[in-house]
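To start, the structure under review is shown below, and the notes come after it.
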Number of protein chains: 6
Amino acid sequence: MGTSVALQISGRNKLRGRVINITPGIVTAEVEIDIGNGNRITGVITKNSLEEMQIQTGEEITALIKATSVMFMKE
Amino acid sequence: MGTSVALQISGRNKLRGRVINITPGIVTAEVEIDIGNGNRITGVITKNSLEEMQIQTGEEITALIKATSVMFMKE
Amino acid sequence: MGTSVALQISGRNKLRGRVINITPGIVTAEVEIDIGNGNRITGVITKNSLEEMQIQTGEEITALIKATSVMFMKE
Amino acid sequence: MGTSVALQISGRNKLRGRVINITPGIVTAEVEIDIGNGNRITGVITKNSLEEMQIQTGEEITALIKATSVMFMKE
Amino acid sequence: MGTSVALQISGRNKLRGRVINITPGIVTAEVEIDIGNGNRITGVITKNSLEEMQIQTGEEITALIKATSVMFMKE
Amino acid sequence: MGTSVALQISGRNKLRGRVINITPGIVTAEVEIDIGNGNRITGVITKNSLEEMQIQTGEEITALIKATSVMFMKE
């Protein structure tokens, strides 16, 4: 029987969604996911990461965002 | 009649939610919002911003996240 | 008469200036503004933001920088 | 037999080291690791992450750094 | 005669100003500088950096900001 | 005799290494250095910085990373 070892990451925000858009550039690439409830997350990662992870439209991935990168707005 | 001038911000990710937790420190403060669909966003801002914006538990605010701050994970 | 509702943003640094340079790439774009007093601010945003906001050379925009992104140097 | 599913993360820099210093604050906490070769990495994470991950002096953990957060200096 | 070796840093934004406010916390510290022309920059650094650099109110230091950390707003 | 004035930077992580890979794009450029002990650091900077600093494969440069940009992972 296999033992599952969970990986813990200090980055507090993990938002799961379906890839709806990929724009590859030369150095960077833009990936957009739909996390439900009318919300989308757009991220810019390196093109190398995009290719190594073989991210494809339609599959489910998770956005990871460090708490210190989050701002808030209020009307 | 008043004219409404919309403010545009280049930060691509705007996620609206209800404040569920506030932890003030000395320099920084942690704010957690519930954006629905089982997702929460935690942000660390300055305590000065928390006080000037008078952020309070229960009210609706919007998380703002720059696309270059977003990573992706895939199993 | 209209009612003006101010938008508050936790990002502490807002520096107003005139756009002096725009370099569009594929995924990202570089925008440079002159904030006076001999100071310039260069930012890299997504090309999508550049186009949606229709940022143009000569117009006035505001740089927004989160306090946790600022370092200091001293001789 | 169990099946191991590797988690892939777009953050390109993963540096493994031993925890040599922990300074807990109220909202944030500083963690320092020794990655060998005379190099150390200091990170500031939320105190909540520190406690949930039960990070302790002497254990091995991995620093994760997004490529867009890296600058370079040259003499 | 001495030879001056300039240090080059990829971080594109260097804004020189006078320290007008310092708020030390436990892990982090807030430093505010006046860069002239009515502009101020607030940064959050580690308290260790504040102490090692012996940053003091009234002295001149330089804010360093990576271009990928800059957003833009437009009305 | 010359007087050396050390430049202090609040960014806590300085990792010296040899440039092993450079990928220039239009706006950004990826630079990879080998810091020894089997560790590599990849950074994305502006293409303008790459050119002004004349970074070349084989030379030694230093990666600079702010502590608030560092996350930690634990198995």
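According to the square roots a ≥ b ≥ c of the eigenvalues of the Cα gyration tensor, what is the shape class of the protein assembly as shown, taking rounded for a/c under 1.5, prolate for a/b larger than b/c otherwise, and oblate for the remainder?
In terms of gyration-tensor shape, rounded.
For region E:18-66, what's the relative contact order in percent, using C-alpha pairs closer than 8 Å and at least 6 residues apart?
39
Using only atoms on other chains, find how many Cβ atoms lie within 10 Å of each Cβ of peptide F:19-30 and report the average.
6
Assign one of three labels to region C:35-75, namely rounded, prolate or oblate, based on the Cα gyration tensor with a ≥ b ≥ c the square roots of its eigenvalues; rounded applies when a/c is under 1.5, prolate when it is not and a/b is larger than b/c, and oblate otherwise.
Values: a/c = 3.02, a/b = 1.61, b/c = 1.88.
Oblate, since a/c reaches 1.5 and b/c is not below a/b.
What nm distances, shortest first, do you get from the label point of residue A:36 to those in the other copies when the point sits 7 angstrom along Cα to Cβ?
1.3, 4.2, 4.9, 4.9, 5.4
Report, in debye and to the nearest 20, how large the dipole of chain A comes out about its Cα centre when Lys and Arg carry +1 and Asp and Glu carry -1 on their Cβ.
The dipole of chain A has a size of about 340 debye.
In peptide C:32-40, how many Cβ atoms from other protein chains are near each Cβ within 10 Å, on average?
Per-residue shielding by partner chains comes out at 5.
Nm distances between the label at residue A:20 and the same-position labels in the remaining copies, 7 Å along Cα→Cβ, shortest first?
Result for residue A:20, in nm, nearest copy first: 2.3, 4.0, 4.0, 4.3, 4.7.
Roughly how many whole Å is it from the C-alpha centroid of region C:42-75 to that of chain A?
The two parts, judged by their Cα centres, are 23 Å apart.
Among chain C residues, which Cβ is nearest the axis of the C-onto-F rotation, and at how many Å?
Its Cβ sits closest to the axis: C:68, 3.
Among A:44, A:27, A:19, which one shows the biggest mean-square fluctuation in a GNM of chain A, springs joining Cα atoms closer than 10 Å?
A:27
Which value does Rg/Rh take for chain A over its C-alpha atoms, Rh per Kirkwood?
On the Cα set of chain A, Rg over Rh gives 1.03.
Which net charge results for the neighbourhood of residue F:19, defined as the other residues with beta-carbon distances under 9 angstrom from its beta-carbon, given Lys and Arg at +1 and Asp and Glu at -1?
-3
Charges only on Cβ, +1 for Lys and Arg, -1 for Asp and Glu: so what's the dipole of the protein assembly as shown about the Cα centre, in debye to the nearest 20?
Charge dipole of the protein assembly as shown: 0 debye, to the nearest 20.
Between copies, how close do the residue A:52 label points come, placed 7 Å along Cα→Cβ, listed in nm from shortest?
Spacings between copies for this position, smallest first, are 2.5, 2.8, 2.9, 2.9, 3.9 nm.
None of the figures in this text is laboratory data; all of them are computed from the coordinates on show. Note that the structure is predicted; figures quoted are calculated from it, not measured. Positions of Cβ are backbone-derived with ideal geometry, glycine not excepted, and every protein chain shown enters the neighbour counts.
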